[in-house]
Amino acid sequence: MKRKPIVATAVAAAICAAAVWWQALGESDASGTAYPARSTPPSAVAALPGSRSAGESPALASLAPASGVKDSFLTSELRQTFETMLFEVTGGNDIRDPALLKKLLLALVPRYFPDTLAARASALLERYVDYRVALSELKPPTDPSDPRALRAALEARQSARQRHFTGDEYEVLFADEARLDRYTLARIEIERNSTLSAAQKQAALKDNERELSDAQRAQREQATAHMSVAAQTAALEASGASDIERFNQRRTQYGDAAATQLAQLDREETDWQARLNNYASAQAKKASPDQLQQLSQQLFSAQEQLRVEAALAARQQATPPTTVQR
């Protein structure tokens, strides 16, 4: 049986990267999980009682910790805590009344914060809701693949953050995400700059890596390594390389242990595709539902059965219709 490509090409990924990235820029928790209920509509801004920016709040100075003392409130987990509270009170649905949303959130404060931090948490939570309302007024870029439109949208969001939060608050709530956004946008701009040579683009991309923190850089290096393996696998698939050729190329680039592990993954993938072919062949021959169910139980484990239809659908989208090989 001829091998089928098992990974998406880099070209396809590049086409949709900018749009996917923009869609992922919605407010999310620290783990990157976006929640359906994002904010209230623009018309609700006027309903906010006492709405004001962080710089206008007379209570901020008294709520700030003493200089030189470690702040037990402004931690890297704070935004995730706020988003968890938001999801708890909304259940993934929109709450159109910001005053009600604030009331529900403030009721949760004793559960998430000790008494010594309750006042600060309550004050910041109210401004966090105000910020989310302000976000709802911002228009998304008309063309998510246009770097200029993306930059304008990011600058508008940055301005909203600066209006609602102090420097220290911004640092713990958004700094890491903003750094990654700047890096990603710069990468898109570099890759789309037709005036740069390949060498100039490579140098600019390398220089852009400095925008990332050490932790983000390590994460990116790990992801890049996975992409490199996927790209090499796609090239080997396209060239029809034999198992020995595949092993030798991988051993040269990644070492014996990795080459052996990747060879095992190849064998598992080949076996999986063969079983999918058998099942797809039965479907093409109009097998009855009972026959298909029996065949599915014979070919796949209980966990694999959950993936069969999705795998066949993905196969149809990735390649034009062809006769199933036997």
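From L154, L150, L180, which residue is touching a residue at least 24 places away in the same chain (Cβ under 8 Å), within 20 Å of the chain's Cα centre (by Cα) and open to solvent by 40 Å² or more (accessible area, probe 1.4 Å)?
Testing whether each residue is touching a residue at least 24 places away in the same chain (Cβ under 8 Å), within 20 Å of the chain's Cα centre (by Cα) and open to solvent by 40 Å² or more (accessible area, probe 1.4 Å) leaves just L180.
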(request) For E155, state whether it is at pLDDT 85 or above, touching a Leu at 6+ places or on another chain (Cβ under 8 Å) and not aromatic (F, W, Y). (result) no
Those residues of region 249-280 that are open to solvent by less than 20 Å² (accessible area, probe 1.4 Å) and either farther than 30 Å from Q297 by Cβ or touching a residue at least 40 places away in the same chain (Cβ under 8 Å) (or both) come to a total of 4
message: Against the definition (open to solvent by 100 Å² or more (accessible area, probe 1.4 Å), at pLDDT 90 or above and in a helix (DSSP H, G or I)), how does Q303 come out, yes or no?
response: no
Residues of region 47-102 being at pLDDT 50 or above, hydrophobic (A, V, I, L, M, F, W, C) and closer than 24 Å to A175 by Cα, in sequence order, are F73, L74, L78, F82, M85, L86, F87
By residue number, the members of region 159-188 that are β-branched (V, I, T) and either in a helix (DSSP H, G or I) or on the phi > 0 side of the Ramachandran plot (or both) are V172, T184, I188
- Just wondering, is there one or more residues in region 150-158 that are polar (S, T, N, Q) and assigned to a loop (DSSP other than H, G, I, E, B)? no
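Yes or no, residue by residue, for (1) at pLDDT below 85; (2) of a type in the set (V, I, T); (3) over 30 Å from T75 (Cβ atoms); (4) assigned to a helix (DSSP H, G or I):
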position	(1), (2), (3), (4)
D207	yes, no, yes, yes
A218	yes, no, no, yes
Q222	yes, no, no, yes
A258	yes, no, yes, yes
Q264	no, no, yes, yes
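Restricted to region 281-292, and to residues that are among the small types (G, A, S) and in a helix (DSSP H, G or I), which residue is surrounded by the most Cβ atoms within 10 Å (Cβ to Cβ)?
A282
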Original post:
Has region 239-248 got any residue that is among the acidic types (D, E), farther than 29 Å from L299 by Cα and touching a Leu at 6+ places or on another chain (Cβ under 8 Å)?
Top reply: yes
Inside region 118-147, the number of residues satisfying the requirement of being open to solvent by 20 Å² or more (accessible area, probe 1.4 Å), free of Cβ contacts under 8 Å to residues at least 60 places away in the same chain, closer than 14 Å to L74 by Cα and of a type in the set (A, V, I, L, M, F, W, C) is 2
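The values are calculated or read from the model by the stated rules, or taken from the named source; none is laboratory data. Because the structure is a prediction, the values reported are computed rather than measured. With ideal geometry, Cβ positions are generated from the backbone for all residues, glycine too; neighbour counts draw on all protein chains shown. Each accessible area value is taken on the protein alone, full model and side chains, heavy atoms only, with ligands, DNA and RNA left out. Shrake-Rupley method; radii C 1.70, N 1.55, O 1.52, S 1.80 Å.
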